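A short worksheet on the structure shown next.
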Amino acid sequence: MSTQEGDEQARAIAEAVARRSYGKLVAFLAARTRDVAGAEDALSEAFASALTDWPRNSCPQNPEAWLLTVARRKTIDIFRALRRHPSSSEELHLIEEVLAAPMHGEIPDDRLAMMFACAHPSIDAATRAPLMLQAVLGLDAERIASAFLASPAAMGKRLVRAKGKIRQAGIPIRVPGVEELPARLDTVLNAIYAAFSEGWTDPAGADAARRDLTEEALFLSRLMVALLPEEPEALGLLALILHAEARRRARRSADGEFVPLAEQNQELWDQGQIREAESLLHRASSMRRIGRFQLEAAVQSAHVDRCRTGAANWPHVAELYTALYSLTGSPVVLINRALAIAEVEGAAAGLNAMPDQCTDQRLTEYQPYWAARSELLARTGAFQEARRANEIAIGLERDPAVGRLRVRRRVALLD
Amino acid sequence: MQYLLLLHAEEAGFGRMTPEQQQQGMAAYVAYTEALNKAGAYKGSNRLQFVSTATTVRVVDGKTQVLDGPYADSKEQLGGYFLIDVPDLDAALSWAARCPGASHGIIEVRPVWDMTPLAKAVA
């Protein structure tokens, strides 16, 4: 084999291992040292060593184990050189011992513990999802920043600070006990959902970093279900994400225009993903512990059912939103509930059920609120008010395709 | 790891309590201290006199400035602390939540900066 071929093979294998095992290797190291940044550094040095060593001495039988061995050694070096975390030589010794302990069989999977640490309540809420994407999936700060509409420098700083807090404040990298689990699981699922929502705001897939984020969130959500198969909310979140993903291709017309659910071409829906979502939801409901994500997935399931059968199931949808509102108290849920009520009892009843922007300031800048208001006002015949609400909705939209839909509505309202 | 639990509360609240309530309040702290001791987590604690007794000191251009009053003027004042030794932040947070002060004020949990390595380097 030529040198160049050897290099290429080594690079290909290293990249494959990085994709498959990065999060597992970082989690293994960090769970033993509580030093996420140190684990990342050690691992990237190990990858660099692999790229020089493997072409020369041929690729190892078990590349993952090879990388971990090197990374463990590098971690100990980093600790010795910087004395960064262990407070005493005894502690350093202890960490050395833990890291040097021989391993048998599979590398333990500490990714779940890592996700709980990333979404720890003492970590800034807006940093939990970015931290998870970096520590578990190895995304770099620049990509995460562009997905969350932040500057790379600011995102980098937030990530460094969060990792520093895990180390210095002693946030444990472990799965919480039974008592704490429900509340803590909530923050992990919320962080995964936040990552998904950020990716979802670019449904056209024009922005690669954001489109990828939905795939990463899907991966994390699948991982949660694999590691916690008895948690109905973990199943609910995966079902919700799958339902949204299944309709991705139908959400845009060929020329990039936004297509509302009722007008979507159902042949573009991914039937496999819908089936999987439905079976997850079925499994979750058999556990008889209802929660936010199960209800949201159930709403999506009801939408799919209505579009397929043509049977108007709006009373059922309104009921689901009522249950969801009692769990979350979210004004966004009230808006969706009002739209469902409008379908059952008419637009005037829907308008009555809308939350009031005078009592909730957040709504004044919430685009879907104004879009929904405009829709309902137009149906009651209050065209002038409807046009005004529609103008505000146009002004608040950041997705150009949705903005164009609203401009088309403006034209319709003038007729 | 060692953590300092800083107990902040509205001082006037104590004065508004009946003697029985004050006694019950004190008993709760005694029980809490006892529980920390039993768990081997207790390192030390103190209740502080009211902020009206506080004095701040700083040296500016070689001159000592002394001022009457606390450093931070807020609705809640630092009224006491517990120093505890526990394995991690989760344990520290759950002890903070059990502290009677958490029910009538706010507890700030701060990890202690371990100076042992630095002290060794200096020595």
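Since every read-out is calculated from the coordinates, none of them should be taken as a lab result. Quantities reported herein were computed from a predicted structural model and do not represent experimental measurements. Neighbour counts run over all protein chains shown; Cβ positions are idealised from the backbone, glycine included.
Observations on the model:
- Global form of segment A:341-415, assessed from the alpha-carbon gyration tensor, a/c cut-off 1.5: oblate
- Protection proxy ranking, peptides B:15-21, A:172-178, average beta carbon neighbours within 10 Å, highest first: A:172-178, B:15-21
- A cut-off of 5 Å between modelled amide H atoms, ignoring neighbours fewer than 5 places along the same chain, links A:Arg252 with A:Val259.
- Considering only alpha-carbon pairs that sit under 8 angstrom and 6 or more positions apart, the relative contact order computed for segment A:3-100 is 32 percent.
- Whole-Hz Karplus values for segment A:126-143 come out as 6, 9, 4, 5, x, 5, 5, 5, 7, 6, 8, 10, x, 5, 7, 4, 5, 5 Hz, taken residue by residue from phi with 6.51 cos²θ - 1.76 cosθ + 1.60 and θ = phi - 60°; glycine and proline positions read x.
- Other-chain or far-sequence residues with amide H under 5 Å of B:Ser45's (modelled H): B:Leu83
- Peptide A:320-331 - average C-beta neighbours from other chains (10 Å radius): 0
- Relative contact order [Cα under 8 Å, 6+ residues apart], segment A:108-221, whole percent: 30
- Global geometry of segment A:1-159, whether rounded, prolate or oblate, following the gyration tensor of its Cα atoms and the 1.5 cut on a/c: oblate
- Cα centroids of segment A:104-179 and segment A:267-320: 31 Å apart.
- Sequence-ordered 3J(HN,Hα) estimates for segment B:51-64 from the Karplus curve with 6.51, -1.76 and 1.60 and θ = phi - 60° stand at 4, 4, 8, 7, 9, 10, 10, 8, 10, 10, 6, x, 9, 7 Hz, glycine and proline given as x.
- Legend: mean number of C-beta atoms from other chains within 10 angstrom of residue C-beta atoms, peptide B:79-88, equals 1.
- Residue among A:Leu43, A:Leu240, A:Leu131 with the largest mean-square fluctuation in a Gaussian network model of chain A, springs linking Cα atoms under 10 Å: A:Leu43
- Interchain or long-range residues, amide H under 5 Å from B:Glu11's placed H: B:Gln77
- By the count of other C-beta atoms within 10 Å, a proxy for reagent exposure, A:Arg111, B:Arg58 are ordered fewest to most as B:Arg58, A:Arg111.
- Sequence-distant aspartates and glutamates (8 or more away, or on other chains) whose Cα lies within less than 14 Å of A:Lys24: A:Glu40, A:Glu64, A:Glu106, A:Asp109, A:Asp110
- For segment B:79-90, the Karplus equation 6.51 cos²θ - 1.76 cosθ + 1.60, evaluated at θ = phi - 60°, returns couplings of x, x, 8, 10, 9, 10, 10, 9, x, 7, 4, 4 Hz by residue, with Gly and Pro reported as x.
- Peptide B:1-14 has a mean shielding of 1, counted as Cβ atoms of other protein chains within 10 Å of each residue's Cβ.
- By the helix-only formula, in which each DSSP H run with n ≥ 4 contributes -39500 (n - 2.57) and the sum is divided by residues, chain B has a 222 nm mean residue ellipticity of -10500 deg cm²/dmol.
- Per-residue ellipticity at 222 nm from helix content only, as computed over chain A with -39500 (n - 2.57) for each DSSP H run of at least four residues, stands at -24000 deg cm²/dmol.
- Reach of B:Lys38 by Cα under 30 Å, taken over lysines that are not fewer than 8 positions away in the same chain: A:Lys165
- Across chain A, Cα pairs under 8 Å and at least six residues apart give a relative contact order of 10 percent.
- The distance separating the Cα centre of segment A:334-351 from that of segment B:62-120 comes to 51 Å.
- Seen through its C-alpha gyration tensor, with square-root eigenvalues sorted a ≥ b ≥ c, chain A comes out prolate because a/c lies at 1.5 or above while a/b is bigger than b/c.
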